[in-house]
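Notes to accompany the following structure.
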Amino acid sequence: MKINLVKLHEGLNELTFQIKPENLDFDEQPETLGLFPNEIHADVEVQKFSDKFFVKVALVTIAHYYCDRCLDEFDRNLEATFQLVYSKHSRDQFADDEYRFLEEDETEIDLSADIRENILLVIPMKHICRESCKGLCPQCGVNLNEESCNCQQETIDPRWEILKTLQKK
Ligand SMILES: [Zn+2]
Ligand SMILES: [Zn+2]
């Protein structure tokens, strides 16, 4: 996703983009496969002060997951925001992680890599369709959110389990 610097005017520029996920190379990470079937909406604010550009990006998409417990598919909003400073001058007053140096003759900035990285940062570690998800029966595999089964639910108090293993020693 590129921003043409030549077209920006001094002060605040507000831009919106619809980004196709295939343009962000998510496929390089196998763990993100299938996670982004939907377009990513980007609201971008660029404050231009001569040859300095303060860029603020807000991203929203609907991510597609498989529940870790019941394996059902579900969709959930995913949001990410980040800020960068682009400048043709020295980096002195900016923190390294948000500063980007611009060559004198550069006319556009490409935000694709930063967008990809910031989206990857906010993907939750666990994908659970809802807090109360009961998951699958470990014995017969039915989805316990949808039906119940007659499997013996062995309910052994974990403290007794520990005692048992101790006794074996
Ligand atoms: Zn679930
Ligand atoms: Zn069962």
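The values are calculated or read from the model by the stated rules, or taken from the named source; none is laboratory data. Predicted, not measured: the structure shown is a model, and the values here were computed from it. Cβ coordinates were reconstructed from backbone atoms using ideal geometry, including for glycine residues, and neighbour counts include every protein chain displayed.
Residue by residue, here is whether (1) within 16 Å of ligand 1 (Cβ to nearest atom); (2) at pLDDT 90 or above holds:
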| site | (1), (2) |
| --- | --- |
| Thr61 | no, yes |
| Asp72 | yes, yes |
| Asp75 | yes, yes |
| Tyr99 | no, no |
| Ile119 | no, yes |
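Restricting the range 5-37 to residues that are of a type in the set (S, T, N, Q) and at pLDDT 95 or above, the residue that is nearest to Tyr86 (Cα to Cα) is Asn13. Once the range 135-153 is narrowed to residues that are surrounded by 14 or more Cβ atoms within 10 Å (Cβ to Cβ) and either closer than 11 Å to Arg69 by Cβ or charged (D, E, K, R) (or both), the residue that is farthest from ligand 2 (Cβ to nearest atom) is Asn145. Within the range 97-150, if we keep just the residues that are among the polar types (S, T, N, Q), within 16 Å of Val55 (Cα to Cα) and outside any loop (DSSP other than H, G, I, E, B), the residue that is nearest to the chain's Cα centre (by Cα) turns out to be Asn118.
Among the residues of the range 30-57 satisfying the criterion of being under 12 Å from the mean Cα position of the chain (by Cα) and closer than 22 Å to Thr16 by Cα, which is farthest from ligand 2 (Cβ to nearest atom)?
Applying the filter and picking the extreme gives Ile40.
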